[in-house]
Amino acid sequence: QVQLVESGGGLVQAGGSLRLSCTASGRYPMGWFRQAPGKAREFVAAISWSGSSTYYADDVKGRFAISRDTAKNMSYLQMNRLKPEDTAVYYCAADHRDSWYPRMSHKYHYWGQGTQVTVSS
């Protein structure tokens, strides 16, 4: 059973930064998604198994950066220039290399419990 644990959420003012971390029980391609109240879960960023490929949603490109530490089986989401509309529960997700669709939440088999990010104006 793959286990994912997120950390690093919190309350920050607009324009500030946060770094989310996700610890996995193995090495997998990984993604970050978010869900705001009353809205569907949406793709934020993803990184391949090797770390050589990264993907971003248009509204976070240039502000957020995804990375991974393969030795520690960890993924990070550095979030800069945060906006109130970034407020959501952020989820880490993982899947197998041979069936990975980076931007499709319904294709991911494994999910963390989520961490709240609140950006005040």
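The values are calculated or read from the model by the stated rules, or taken from the named source; none is laboratory data. Remember, it's a predicted structure, so these values are computed and weren't measured experimentally. Using ideal geometry, Cβ is built from the backbone for each residue, glycine included, and neighbour counts are taken over all protein chains shown. Areas reflect the complete protein model, heavy atoms only, side chains present, ligands, DNA and RNA absent. Shrake-Rupley method; radii C 1.70, N 1.55, O 1.52, S 1.80 Å.
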* Structure fact -> Taking segment 23-37 and the residues there that are more than 21 Å from K72 (Cβ to Cβ) and part of a strand (DSSP E or B), the one that is farthest from the chain's Cα centre (by Cα) would be Q35
* Starting from segment 104-116, take each residue that is closer than 18 Å to Y56 by Cα and list its partners that are of a type in the set (F, W, Y) and open to solvent by 40 Å² or more (accessible area, probe 1.4 Å), counting only C-beta distances under 6 angstrom and pairs at least six apart or across chains. => K107/Y101
* In segment 8-22, which residue that is open to solvent by less than 60 Å² (accessible area, probe 1.4 Å) and part of a strand (DSSP E or B) is farthest from C92 (Cα to Cα)? -> V12
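Rundown of residues vs (1) farther than 18 Å from L4 by Cα; (2) open to solvent by 70 Å² or more (accessible area, probe 1.4 Å), yes/no style:
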| site | (1), (2) |
| --- | --- |
| W49 | no, yes |
| R63 | yes, no |
| E85 | yes, yes |
| V89 | no, no |
| W100 | no, no |
* **Selection from segment 28-42 of residues that are touching a Ser or Thr at 6+ places or on another chain (Cβ under 6 Å) and basic (K, R)** => R41
* To do: For segment 25-62, enumerate the residues that are in contact with a Lys or Arg (Cβ under 8 Å, 6 or more places away or on another chain) and among the charged types (D, E, K, R).
  => R34, R41, E42
